[in-house]
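The values are calculated or read from the model by the stated rules, or taken from the named source; none is laboratory data. For clarity, every value in this text was computed on a predicted model and none was experimentally measured. In this analysis, Cβ positions are derived from the backbone assuming ideal geometry, glycine residues included, and neighbour counts consider all displayed protein chains.
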Amino acid sequence: MNIALLKESFNMIAPRKEEFAHSFYERLFSYYPQTKHLFAQTDMRRQESSLMATLAVVVAGVERGDSLVPTLNTLGKRHSHYGAAPEHYPLVGGVLLETFHEYLGSQFTPAMQDAWSNAFELISNQMIEGTQKLN
């Protein structure tokens, strides 16, 4: 994982993190209306904050060399209780990359996109693994 690029791009959106998160969910619901029911009982402002906090934890954890596996497994378990399924993760990953493109434009380099794509694949795999540990 290219932590330098993850951190750089995350820091670039940090001043607009609330707007970024709001745009992310608007895009997710617009492209994939079937995901909206997963958030029917959710305070979306709190959810938006949670998204950004989770991304911050991942970036900081990877930078420190922490093992994020237990955290991501737990997050996956929690998401499965909300109705998230493995097929939702690629949708979320694509929307996340697109939102980075929207906010950073040409500053979101192909290398940054690759870094986030690789990071999200690892994150989602660990979250999905967490759901499988439920049984």
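Here are some notes:
Per-residue answers, yes or no, for (1) in contact with a Ser or Thr (Cβ under 8 Å, 6 or more places away or on another chain); (2) surrounded by fewer than 19 Cβ atoms within 10 Å (Cβ to Cβ):
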| residue | (1), (2) |
| --- | --- |
| Lys77 | yes, yes |
| Leu97 | yes, yes |
| Phe100 | yes, no |
| Leu104 | yes, yes |
| Pro110 | no, yes |
| Asp114 | no, yes |
| Ser117 | no, yes |
| Asn125 | no, yes |
| Gly130 | yes, no |
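- Exclusive hit being among the hydroxyl-bearing types (Ser, Thr, Tyr) and buried (at least 18 other Cβ atoms within 10 Å of the Cβ), set Tyr31, Tyr89, Tyr82: Tyr89
- All positions within the stretch 95-135 that are within 19 Å of Glu26 (Cβ to Cβ) and without any contact (Cβ under 8 Å) to a residue 24 or more places away in the chain: Leu97, His101, Gly105
- Test for Ser30: is it at pLDDT below 95, of a type in the set (Gly, Ala, Ser), more than 13 Å from the chain's Cα centre (by Cα) and more than 21 Å from Ala111 (Cβ to Cβ): no
- Counting only residues that are more than 16 Å from the chain's Cα centre (by Cα) and in contact (Cβ under 8 Å) with a residue 40 or more places away in the chain, the stretch 43-71 holds 1 of them.
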